[in-house]
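Beneath this line is the structure, given in structure tokens, with notes to follow.
Read-outs: derived from the displayed coordinates by stated rules, not from any lab. Computed from a predicted structure; not experimentally measured. Here Cβ is always computed from backbone atoms with ideal geometry, including for glycine, and neighbour counts include all displayed protein chains.
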Amino acid sequence: MHKLILTLAFLICFSSFSQSLKTEQKAIISVLSGNESLSNGKTITNRSSSENRQLTREYLTNLIEGLGLEAQIQNYKMPNLNPLVDLLFNPFDGANVYSVLSSTIKSDEYIILGAHFDTERNCPGAIDNATGMAIIYNALKKLKAIKTRNRNIIIVFFDQEEEDLIGSQVFANYCQKENLNIHSVHTFDTMGWDRDNDKAVELELPSEALKNLYTKHANILKIPLYVTNVNSTDHHSFRVLGFNAIGLTDEYAHGDYAPFKDTEKDTYDTVNFDFVSSCTNLVFETIKDLVTQ
Ligand SMILES: [Zn+2]
């Protein structure tokens, strides 16, 4: 009898927690994709122009500070070395937003969770990639609540992924130059479309150890996983410098992927929020394992 009551209490608690997680992620994706205005009355209609990218950085800074963490801005200028990139920005002029959640037990090891915040021109970018940012935000919030953590976590929102992975290149170079002891880098891109409702996630170019770890938690959560060789997003910038990096996305290589990606139709109302929550659970459980093992 007591056991039953406890189980019921747990279930009610768990479902209200996942409900509030979803509500919070909806609010974040709504603002980031221009479905709702910012508190100052301005609207982020895209995250491509300089002005809108700056509004986005300010919003992300507020989110980070709302968790009691310090937000850092990494400004950069990079020459354009790729003649194929049609440039609105020449040279590249941008800024990443990042924050460090320190371990509670002394450690010099870091786990990086990254998602790009920019979009293609005139694209609201709800799924690509407001979903990645919402996943990191909620995972970070839950990770911060863990009492004992034995690794540091860096969360970073990259600028100018759509231009040639510029922001992530700058951040990866910084990690190398500072000689940071990086355990692994996990990037999240376009995780809000799931037409067949199977909750499947693709792991891009994982190491054996990271593949096994994600698989362990995906099996518990009943999330199908596929491994692919896709390298066209931010984790690539880290891998070329020798870091242990993985990318997570929807079924990009298996057909059930965001059809409105990089268009003006990538709007709030196309986001599958159950899928976003499911992806968040997978990310949280996996990273929790990495900071408590
Ligand atoms: Zn993207």
Dipole magnitude of the stretch 2-292 about its Cα centre (Cβ charges: Lys, Arg +1; Asp, Glu -1), debye to nearest 20: 1300 debye
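So how do Phe171, Phe273 line up by other beta-carbon neighbours within 10 Å, fewest first?
Values: Phe171 25, Phe273 17.
Least to most surrounded, the residues fall as Phe273, Phe171.
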Whole-Å distance, taken between Cα centres, linking the stretch 222-286 and the stretch 199-221: 12 Å
Among Leu241, Leu101, Leu282, residue whose mean-square fluctuation peaks in a GNM of the chain (springs only between Cα atoms under 10 Å): Leu241
Fluctuation leader among Leu221, Leu248, Leu165 - the chain, Gaussian network, Cα springs under 10 angstrom: Leu221
Cα-Cα over 31 Å, subset of Lys142/Lys222; Lys26/Lys177; Lys26/Lys77; Lys22/Lys216; Lys77/Lys142: Lys26/Lys177; Lys26/Lys77; Lys77/Lys142
Most mobile of Thr148, Thr190, Thr131 in a GNM of the chain (Cα contacts under 10 Å): Thr148
Relative contact order [Cα under 8 Å, 6+ residues apart], the stretch 2-292, whole percent: 21 percent
Highest-first arrangement of 192-205, 117-130, where packing means the average Cβ count within 10 Å: 117-130, 192-205
Per-residue [θ]222 nm for the chain (sum of -39500 (n - 2.57) over DSSP H runs n ≥ 4, rounded to 500): -13000 deg cm²/dmol
DSSP-defined beta bridges in the chain - what % are antiparallel, rounded to 5: 40 percent
Under 14 Å, Cβ to Cβ, from Ala95 - net charge with Lys/Arg +1 and Asp/Glu -1: -3
Glu208/Asp93 FRET efficiency (R0 35 Å; Cβ-Cβ; nearest 0.05): 0.35
Cβ-Cβ FRET estimate between Lys265 and Gln54, R0 fixed at 30 Å, reported to 0.05: 0.75
Over the chain: Rg over Rh, Cα atoms, Kirkwood Rh: 0.95
Projected label distance in nm at Asn229 and Ser102, using a 7 Å step from Cα toward the beta-carbon: 4.4 nm
Protection proxy ranking, peptides 207-220, 46-59, 150-163, average beta carbon neighbours within 10 Å, highest first: 150-163, 46-59, 207-220
